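The values are calculated or read from the model by the stated rules, or taken from the named source; none is laboratory data. Keep in mind the model is a prediction, meaning the values are calculated, not measured. Every residue, glycine as well, gets a Cβ built from its backbone with ideal geometry; the counts of neighbours run over all protein chains shown. Surface areas here come from the heavy atoms of the whole protein model, side chains and all, with no ligands, DNA or RNA. Shrake-Rupley method; radii C 1.70, N 1.55, O 1.52, S 1.80 Å.
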Amino acid sequence: MNKMPTKTDTKQLTQSQLLIWAGQMLLPESPMYNMVMTFELNGTIKVAAFQEAFQMLVNKSDIMRTVISTEGGEPIQMVQPQINYELEYIDWRNSPSKLDFQNWIKSRSEQVFDISKKTFDSALIQFSEEKFVWYFNQHHIVTDGWSLTVLYAAMAKFYKNALAGTLSETEDLPAFESYIEYEKNIRTQPKKESVANYWKEKLAALPTPPRLYGAVGKKGVSHSERVLVDLGKERTEQLLALSKEKDLRALTASMSLFNMFSTVLFTYLFRVSGQQNLVVGTPSHNRPTLAFKQTPGVFIEIFPMQADVSPEDTFMDLFKKVRTEASYHLRNAQLGMNSPELSGSFNVLLNFISGTFSDSFENVSMQSEWV
C-alpha cells in the first residue's frame, strides 16, 4: 500500500492547472485532457529493462507521482512518496491486425482518469522481435507538449542505464514543485499595471463570444480527428531558408517559423469563414530558465492573438500585422496574467511546440505520434 502524503505535502494548483481542473469538473466523464503519445520502436527492446526504466521514471519525477484532490472544496495537488507501478506488457506478436490495434488505442485513450489516484497510464506492446510500441498517456493537468519531450529523453536515458546495470545511479529529474513555488510568488506580487492594462484592452477589443463559421459548436463533445501532414524534407528546408530572409527573419528561427505559420493560419481562417476580425489562442511556454526547460510538468499559459484581415491584403501585408501582434504577445504573455476570460476568447488554437523527440531510443529507431 502506498504511503499517503501528509498535509504538509499539499500544494496549490498553478493558474494553468486550475483552469484545466475547472474544465474537467465541468465535463467529468470526458477524456478531453488526455495527452496520448505512441512511440514506435523499431529494434530489439529488453522488456524487463524497459519496465525497470519506467518505474525509475515514476520514482525520479515528482509530476509522475502527483495526484489532484479537493480539500474544503478547493483543488490541491499532492506528490505521493512512492507509486509501485509495473508497466503493462502486451504480447501481440501472433494476434491483432492494424485495425485491432487502432481500436485498442482508441478505447484505451478514451479512459477517464481518476486524478485523485493517478494521472498517467502506460503500456509496452510487442508486435514482432523488432517492433514495439510504447503507449504513454498523461492527464494535461500534469504535463504539456514540452514536458513530454523531457520525459521521453529521461526514459531513454533510464533504459540505457538499465541495460548497463547502472540504473541505481540515476539522478532525480528537476522537481515541478520548484515551479509551483516560483509561480506562487509571482502571483502574489502586484501585477505589472502596463501588462494588466494590455490584456484588459485586448479583451475588450475581441469579438464576444468567439465564433467560427458563425455557428455555435457542439456541446459536450471532445472527440476530434487528428490529421497528420508531413511537409517532407524539401519543403521543410525551403521553409527554414525563408525564415532566414531579411523580411521574414525574427530574433530566433522558431519565432520566424511561428510568425509564418500564424500568418498561414489566419489566412486559412479568413478564407473558410469570411471573418476579418480573427482570434487565435497560442501558448506561452513559461520556461524562462534552463532548469525549467528540463523540468517535467505543465507550464503553459494560453493567450489570444488577434488579426484584422482585409481581402486586399497580400501575404506580406498580413505577415507584418501578425509579426507586430506576436511581438506584443511575446512581451505581455507573462506568468500569472492568464485568466478564464482570456482563455475563453478564442476557438482556434495554434500549438507551436519547438521541443522535439530524438529519432532514436538507445540505438533503436523511433517514430512518435500524438494520438
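For segment 83-92, give me each residue that is surrounded by 12 or more Cβ atoms within 10 Å (Cβ to Cβ) and of a type outside the set (Ser, Thr, Tyr).
Hits for segment 83-92 are 83, 87, 88, 90, 92.
Could you check segment 267-280 and list, in sequence order, the residues that are free of Cβ contacts under 8 Å to residues at least 24 places away in the same chain and either touching a Pro at 6+ places or on another chain (Cβ under 9 Å) or assigned to a loop (DSSP other than H, G, I, E, B) (or both)?
274
Give the residue that is least open to solvent (accessible area, probe 1.4 Å), with candidates limited to residues of segment 281-323 that are without any contact (Cβ under 8 Å) to a residue 24 or more places away in the chain and among the β-branched types (Val, Ile, Thr).
289
So how many residues does segment 197-209 have that are among the aliphatic types (A, V, I, L, M) and either touching a helix residue (DSSP H, G or I) at 6+ places or on another chain (Cβ under 7 Å) or open to solvent by less than 40 Å² (accessible area, probe 1.4 Å) (or both)?
2
Of the residues 138, 126, which single one is under 19 Å from residue 86 (Cα atoms), over 24 Å from the mean Cα position of the chain (by Cα) and open to solvent by less than 60 Å² (accessible area, probe 1.4 Å)?
Of 138, 126, the one residue that is under 19 Å from residue 86 (Cα atoms), over 24 Å from the mean Cα position of the chain (by Cα) and open to solvent by less than 60 Å² (accessible area, probe 1.4 Å) is 126.
Output the number of the condition that residue 4 fails; it satisfies all remaining conditions of (1) modelled with pLDDT under 95; (2) in a helix (DSSP H, G or I).
Failing condition for residue 4: (2).
Any chance segment 247-263 includes a residue that's within 23 Å of residue 211 (Cα to Cα) and surrounded by fewer than 19 Cβ atoms within 10 Å (Cβ to Cβ)?
Among the residues of segment 247-263, at least one is within 23 Å of residue 211 (Cα to Cα) and surrounded by fewer than 19 Cβ atoms within 10 Å (Cβ to Cβ), which makes the answer yes.
Considering (1) within 24 Å of the chain's Cα centre (by Cα); (2) at pLDDT below 95, say which one residue 297 fails and leave the rest.
(2)
Take segment 58-79 and flag every residue that is open to solvent by less than 20 Å² (accessible area, probe 1.4 Å), of a type in the set (S, T, N, Q) and closer than 22 Å to residue 170 by Cβ.
Of everything in segment 58-79, those that are open to solvent by less than 20 Å² (accessible area, probe 1.4 Å), of a type in the set (S, T, N, Q) and closer than 22 Å to residue 170 by Cβ turn out to be 61, 66.
For segment 19-57, give me each residue that is within 20 Å of residue 76 (Cα to Cα), of a type in the set (A, V, I, L, M) and crowded, with 19+ Cβ neighbours inside 10 Å.
19, 20
Contact list please: Cβ distance under 8 Å, first residue in segment 95-113 and over 17 Å from residue 39 (Cβ atoms), second residue in a helix (DSSP H, G or I), pairs at least six apart or on different chains.
Note: pairs meeting the criteria are 96/104.
Can you find even one residue in segment 42-62 that is outside any helix (DSSP H, G or I) and in contact with a helix residue (DSSP H, G or I) (Cβ under 6 Å, 6 or more places away or on another chain)?
no
Consider residue 155 against the criteria (1) surrounded by fewer than 16 Cβ atoms within 10 Å (Cβ to Cβ); (2) aliphatic (A, V, I, L, M); (3) under 17 Å from residue 48 (Cα atoms): it satisfies all of them except one. Which criterion is unmet?
Just one mismatch for residue 155, condition (1).
For residue 147, are the conditions met, namely being buried (at least 21 other Cβ atoms within 10 Å of the Cβ) and farther than 12 Å from residue 54 by Cβ?
yes
Quick check: anything in segment 164-173 open to solvent by less than 20 Å² (accessible area, probe 1.4 Å) and either within 18 Å of the chain's Cα centre (by Cα) or at pLDDT 95 or above (or both)?
no
Answer yes or no as to whether residue 106 is surrounded by fewer than 17 Cβ atoms within 10 Å (Cβ to Cβ) and either closer than 30 Å to residue 366 by Cα or not hydroxyl-bearing (Ser, Thr, Tyr) (or both).
Yes.
Quickly run through segment 42-88 and pick out the residues that are within 25 Å of the chain's Cα centre (by Cα) and of a type in the set (Gly, Ala, Ser).
53, 61, 69
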